[in-house]
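One structure below.
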Amino acid sequence: MGTTDVLIFDTTLRDGEQAPGNSLTPEEKLRLARQLDALGVDIIEAGFPAASEGDYRSVREIAAEVRRPVIAALARCTEGDIDLAGEALGAAERSRIHVFVSTSDLHMREKLRLTRDEVVERARAAVRRARRFTEDVEFSCEDASRSDPDFLCRVVQAAIEEGATTINLPDTVGYAMPAEYGAMFRDVLARVAGADRVTLSAHCHDDLGLAVANSLAGRRTSASRGTRRSTSTMASRASKIRPTSRTSTARRSLPSLPAPASTTCSPTRSGCSRLRVSTHCRGRSASRAAPA
């Protein structure tokens, strides 16, 4: 690998709010977004517009006022969620819609009550609809680390065919071990056509203290396969991670707001490794309502 280009994807304003006691007002979110912009963050996940009127307002205001970074909004694979995300991002200079659906048999059966075929069709329809608003679409397979490998590859293939530019494979419940998490990326890269032409994203939780190890395992697998980019997001504590001085600076600059926490990596075809660092403050006791 050559030099390392660090991209920072910060999800404090979305995933960070799921930790108990971390609720922020729209004004506080805008203040934090401006600070993240000043620190040089590349992508800010500003919120989940369908979750509440406050989240919708926060995403809309950040999109209108924070101009340099990509502004992302989360949405389930439903028309209403995606349309709200698109509307909230309407004023953004650079926008991303991040759609997700569960792909593990447990989640599909107990939470979604959908068949595999129905989930695949939802994924396709969601990516198509999101692309009405922006060409930058991220698709997440919620609970990917507990999903059947054959079905996971099928869903990823469908999302790529519809135009998703980033594929996220999260360890939603903090369940995976590094060897199996890396193997999941290896499997997707080997079996899914076009997987080497999109950004592959690893999003890891620290319930078993393995978020950093899992993220690095996903990164190493992607790098060894020569993908254009790989991304890993970890929901661990910022004190455990020191990928750049930017992360530690964020913690010093905002003592009264949630501390950031996470990382990410990415190799490019030209041989230059691209490392995206996702930061947020999600703790071990946080809920698992969204794929982060």
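The values are calculated or read from the model by the stated rules, or taken from the named source; none is laboratory data. Given the structure is predicted, the values throughout are model-derived calculations rather than measurements. Virtual Cβ from ideal backbone geometry, glycine too; neighbours counted across all protein chains shown. The accessibility values were calculated without ligands, DNA or RNA, using every heavy atom of the protein model including side chains. Shrake-Rupley method; radii C 1.70, N 1.55, O 1.52, S 1.80 Å.
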Residue match in region 5-22 (condition: touching a residue at least 12 places away in the same chain (Cβ under 8 Å) and over 24 Å from Thr172 (Cβ atoms)): yes
Qualifying residue in region 24-33 (condition: surrounded by 19 or more Cβ atoms within 10 Å (Cβ to Cβ), of a type outside the set (Lys, Arg), within 20 Å of Glu135 (Cα to Cα) and touching a helix residue (DSSP H, G or I) at 6+ places or on another chain (Cβ under 7 Å)): no
One residue from Glu135, Glu180, Glu118 being open to solvent by 50 Å² or more (accessible area, probe 1.4 Å), of a type in the set (Asp, Glu) and not in a helix (DSSP H, G or I): Glu135
Scope region 32-44; condition under 13 Å from Val59 (Cα atoms) and free of Cβ contacts under 8 Å to residues at least 60 places away in the same chain; matching residues: Ala33, Arg34, Ile44
Asp37 being charged (D, E, K, R), within 26 Å of His205 (Cβ to Cβ) and open to solvent by less than 50 Å² (accessible area, probe 1.4 Å): no
Qualifying residue in region 85-102 (condition: of a type in the set (Phe, Trp, Tyr) and in contact with a helix residue (DSSP H, G or I) (Cβ under 6 Å, 6 or more places away or on another chain)): no
Some residue of region 120-140 being over 17 Å from the mean Cα position of the chain (by Cα) and aliphatic (A, V, I, L, M): yes
Test for Leu106: is it surrounded by 16 or more Cβ atoms within 10 Å (Cβ to Cβ) and not basic (Lys, Arg): no
Residue identified as within 27 Å of Ile71 (Cα to Cα), crowded, with 19+ Cβ neighbours inside 10 Å and touching a helix residue (DSSP H, G or I) at 6+ places or on another chain (Cβ under 9 Å) among Val173, Val198, Val192: Val198
Residue match in region 70-82 (condition: part of a loop (DSSP other than H, G, I, E, B) and open to solvent by less than 10 Å² (accessible area, probe 1.4 Å)): no
Members of region 83-115 that are part of a strand (DSSP E or B) and farther than 27 Å from Ile44 by Cα: none
Residue in region 213-222 that is within 14 Å of Thr103 (Cβ to Cβ), open to solvent by 20 Å² or more (accessible area, probe 1.4 Å) and more than 16 Å from the chain's Cα centre (by Cα) present: no
Test: residue in region 49-62 that is under 21 Å from Ala202 (Cβ atoms), of a type in the set (D, E, K, R) and either modelled with pLDDT of 95 or more or open to solvent by less than 10 Å² (accessible area, probe 1.4 Å) (or both): no
Filter pass, Ala164 being surrounded by 20 or more Cβ atoms within 10 Å (Cβ to Cβ) and part of a helix (DSSP H, G or I): no
